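No value in this document is a laboratory result; all are computed from the given coordinates. Computed from a predicted model, the values in this text were never measured in an experiment. FYI the Cβ positions are ideal-geometry reconstructions off the backbone, even for glycines, and counts take in every protein chain you see.
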Amino acid sequence: MLASLQLALDQRKADGLLRQRRLLDSPQAEHIIANSKPYLSFCSNDYLGLANHPDLIAAMQKAAGDSGVGSGASGLVTGHHRYHDDLEQQLAAFVKLPAALLFSTGYMANIGVLGALVGRGDAIFADKLNHACLNDGGYYSLAEFNRFTHNDVTALETLLKVSTAKHKLIAVDAVFSMDGDLAPLPEYLALCEKYDAYLYIDDAHGFGVLGEHGEGSLNHFKLKSPRIIMMATLGKAAGVAGAFVAGEKVVIDYLIQTAKSYVYSTPAPPALSATLSASVKLIAQGDELRTHLHGLIAYFKANLHCKKWQLMPSITAVQPLIVGGNVEAVKLSEYLQAGGILVPAIRPPTVPKGTARLRISISAAHSLDDVKALINAIHQAEQVL
Ligand SMILES: *Cc1c(COP(=O)(O)O)cnc(C)c1O
């Protein structure tokens with residue numbers, strides 16, 4: 001086995017697909033120290049700049065002092081601390097859904113929820129560009145797994161029309177992680193009503209960024225229905241770690257009994273929940289941060305004039321610049337890095353073949369000068385590459 005692992009690694013390297021981790025020696029922020037060098041970074045999902053916020057650092061220190069550092073037992077034994085419970089209630093109220101349940105990560109939430117809510121005889125309808133963990137959750141659930149062309153409402157309806165599944169669940173990213181565009185959620189909800197289906201949305205990149213006060217994609221579209229179940233991660237705009245699922249009380253009660261990645265796993269430390277409670281408050285009061293962030297996004301889109309490479313129709317903090325070839329995307333990323341700017345090149349299989357790209361993520365922690373520096377560097381790169 002070891003020899004075949006080595007062979008597979010060598011092959012990846014030969015194909016230019018071997019991925020290497022950068023070593024971070026600073027907090028996650030817009031200016032970081034990576035591999036011992038300072039960079040201006042457009043890499044993180046810390047869209048509001050909360051990962052290193054002094055109020056949250058203080059909240060974590062205080063909570064560690066009064067709740068310790070570990071949960072010590074699964075949630076159904078003695079691991080469900082008041083800090084977890086308070087956060088669940090706070091999150092449900094914030095997204096205006098009846099109840100919420102915490103998971104240790106978004107990956108575990110998607111696997112746990114899909115595995116619990118649907119199974120043999122049921123069907124999942126999934127966008128082809130969904131995040132990997134929605135695919136894994138789908139396979140794990142044993143439900144029939146139907147994938148439809150990205151954001152194609154007609155293709156989805158064609159599948160729903162002929163489905164004889166007992167329970168039907170449409171499962172989609174609300175904001176696509178590598179494209180930054182939104183799913184047509186109002187149209188999907190209408191299909192749910194027409195075909196007696198349910199809508200599971202993964203709002204990893206909408207929570208904190210979209211909505212009147214950062215509530216996320218549901219609020220952005222003003223959607224409300226007992227057919228909706230939402231998941232959002234807490235390690236992105238919320239700046240900490242973890243995830244939550246929110247929906248009807250019966251859904252959450254059922255997940256507490258049956259979602260294996262909840263039942264058979266130790267909850268994240270209560271101190272993290274206390275930190276997240278402070279973070280959700282900052283998100284709710286973060287209109288200025290969001291105004292600044294959306295101003296930077298609009299400036300970037302209006303002032304980047306590239307002929308070789310194309311931006312996508314994204315209004316979110318995820319701004320992909322499509323380069324095409326793998327080698328070309330890596331070259332552009334390396335050129336920017338040599339000038340002190342880090343932007344990751346994303347290649348297949350994370351994105352479809354022929355659409356290798358820079359995934360530029362803009363944060364409220366960036367200044368207008370930071371964004372101007374990025375625009376200038378990309379314009380220079382276009383002249384020399
Ligand atoms: C990051 C991400 C996840 C996974 O969340 P983690 O908390 O990082 O495990 C799930 N779905 C989408 C769309 C994501 O971008």
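In the set (1) more than 20 Å from the chain's Cα centre (by Cα); (2) within 15 Å of the ligand (Cβ to nearest atom), the condition left unmet by residue 261 is number (1).
Note on the stretch 18-59: residues that are farther than 19 Å from residue 336 by Cα, of a type in the set (A, V, I, L, M, F, W, C) and surrounded by fewer than 20 Cβ atoms within 10 Å (Cβ to Cβ) amount to 3. Within the stretch 125-145, being more than 15 Å from the ligand (Cβ to nearest atom), in a helix (DSSP H, G or I) and surrounded by fewer than 17 Cβ atoms within 10 Å (Cβ to Cβ) holds for one residue alone: 139. Of the residues 338, 364, 381, the single one that is in contact with a Phe, Trp or Tyr (Cβ under 6 Å, 6 or more places away or on another chain) and among the small types (Gly, Ala, Ser) is 381. Among the conditions (1) touching a Gly at 6+ places or on another chain (Cβ under 7 Å); (2) surrounded by fewer than 22 Cβ atoms within 10 Å (Cβ to Cβ), the only one that residue 303 does not satisfy is (1).
Does residue 364 satisfy being of a type in the set (Gly, Ala, Ser) and crowded, with 22+ Cβ neighbours inside 10 Å? So residue 364 passes the test. Restricting attention to the stretch 285-295, does a residue exist that is within 16 Å of the ligand (Cβ to nearest atom) and touching a Leu at 6+ places or on another chain (Cβ under 9 Å)? No: zero hits.
Check whether at least one residue in the stretch 146-160 is within 16 Å of the ligand (Cβ to nearest atom) and not in a loop (DSSP other than H, G, I, E, B), and report yes or no. Yes, the stretch 146-160 contains at least one residue that is within 16 Å of the ligand (Cβ to nearest atom) and not in a loop (DSSP other than H, G, I, E, B). Checking each residue in the stretch 314-341 for being over 16 Å from residue 351 (Cα atoms) and not hydroxyl-bearing (Ser, Thr, Tyr) picks out 315, 317, 331, 332, 334, 336, 337, 338, 339, 340, 341. The residues in the stretch 186-218 that are of a type in the set (Gly, Ala, Ser) and surrounded by fewer than 24 Cβ atoms within 10 Å (Cβ to Cβ) can be counted, and the count is 3.
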